[in-house]
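Novice: Below is a structure I'd like to ask you about.
The values are calculated or read from the model by the stated rules, or taken from the named source; none is laboratory data. These figures come from a predicted structure and were not determined experimentally. Positions of Cβ are generated from backbone atoms using ideal geometry, with glycine treated the same way; all protein chains shown enter the neighbour counts. In case anyone asks, the SASA skips ligands and DNA or RNA and just uses the protein heavy atoms, side chains included. Shrake-Rupley method; radii C 1.70, N 1.55, O 1.52, S 1.80 Å.
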Amino acid sequence: MRLRLFLLAVLVAGLSRSVAAEADGPVSVVITYRARPETRVAFRAWLETKGAAQFARWQAEGVFARAQILFGSLAANAPIDAVAILDFARYTDSAQWKQVERQFPGGLPPEALQLAAPASAHYADRICHGASASREPAKAAYLVAFYEVLADMPKYREYARGYVEPQLRGWIEAGVLSGYTMLANQAPLHHPWDALLVLEYTDLAGLARRDDVKKAVRARLAATDPAWVEWSKDKSDVRKELSLFVADAILLPAAP
């Protein structure tokens, strides 16, 4: 009996450590920014220079593992002006970013806060991600989409991986897309968005071919991928697009 209790205790302890390790897995922090119309140009200029340099230093210091900053290409078409996606290897690693936030809300010092302010900030889980062997972010054209999820989140994750991601991989194979990332908001009420999709097109020419390639890839999947076909038959409401806008990358300088 004692041996059984001992083995059970070991098993429970192991499972607890496993669950804790899974809970402390990779996570992202998504920060959106809004500038006044009259300060939008200056805010972009700050992000491209002092801002990019500061985020690069934080990355080099290990505050976060990676940072991606995107700025809306067309002012009137975007609900926000910029978005920063900060990736952390572990949830607990984000504690360092919380320290940064005490002095720099959204990573912005006082001079930048005269130009723009954080509009929202949320923890997010990665649903799917992919990239081509070669990427040129400086040439890329980005599409950023925010969604409201109408289905329960487990079903949405299955939908994203079973229906959306095979298409995105096809777009990469066709040479128009060089990367994609889909994230799910961790906030209990998921306000102001539930899911985020970032598409990295090779360039504007790739973005221009978007609709033609989408049709071709769907036709190929319909003929070759039975699992994808089953998902395509599901006509239930899964998500609603809240906003979609074109963006440019704010590149971080190389670490010294």
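Yes/no matrix, rows are residues, columns are (1) open to solvent by 40 Å² or more (accessible area, probe 1.4 Å); (2) in contact with a Cys (Cβ under 8 Å, 6 or more places away or on another chain); (3) free of Cβ contacts under 8 Å to residues at least 12 places away in the same chain; (4) of a type in the set (Lys, Arg):
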| residue | (1), (2), (3), (4) |
| --- | --- |
| 197 | no, no, no, no |
| 215 | yes, no, yes, yes |
| 220 | yes, no, no, yes |
| 240 | yes, no, no, yes |
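Novice: Among 249, 160, which is over 25 Å from residue 74 (Cβ atoms), of a type outside the set (Asp, Glu), modelled with pLDDT of 95 or more and under 15 Å from the mean Cα position of the chain (by Cα)?
Specialist: 160 is the lone residue from the list that is over 25 Å from residue 74 (Cβ atoms), of a type outside the set (Asp, Glu), modelled with pLDDT of 95 or more and under 15 Å from the mean Cα position of the chain (by Cα).
Novice: Another one. Tell me which of these residue 119 doesn't satisfy, since it passes every other one: (1) more than 20 Å from the chain's Cα centre (by Cα); (2) surrounded by 16 or more Cβ atoms within 10 Å (Cβ to Cβ); (3) among the hydrophobic types (A, V, I, L, M, F, W, C).
Specialist: (1)
Novice: Among the numbered criteria (1) open to solvent by less than 70 Å² (accessible area, probe 1.4 Å); (2) polar (S, T, N, Q); (3) over 25 Å from residue 40 (Cβ atoms), which single criterion is violated by residue 224?
Specialist: Going through (1) open to solvent by less than 70 Å² (accessible area, probe 1.4 Å); (2) polar (S, T, N, Q); (3) over 25 Å from residue 40 (Cβ atoms) one by one, residue 224 breaks only (1).
Novice: For region 170-195, which residues satisfy the criterion of being β-branched (Val, Ile, Thr) and either within 19 Å of residue 160 (Cα to Cα) or in contact (Cβ under 8 Å) with a residue 40 or more places away in the chain (or both)?
Specialist: 172, 181 - these are the residues of region 170-195 that are β-branched (Val, Ile, Thr) and either within 19 Å of residue 160 (Cα to Cα) or in contact (Cβ under 8 Å) with a residue 40 or more places away in the chain (or both).
Novice: Out of 48, 111, report the one residue that is open to solvent by 30 Å² or more (accessible area, probe 1.4 Å), more than 25 Å from residue 245 (Cα to Cα) and assigned to a helix (DSSP H, G or I).
Specialist: Testing whether each residue is open to solvent by 30 Å² or more (accessible area, probe 1.4 Å), more than 25 Å from residue 245 (Cα to Cα) and assigned to a helix (DSSP H, G or I) leaves just 111.
Novice: Name the residue that is modelled with the highest pLDDT, counting only residues in region 55-82 that are assigned to a loop (DSSP other than H, G, I, E, B) and open to solvent by 50 Å² or more (accessible area, probe 1.4 Å).
Specialist: 61
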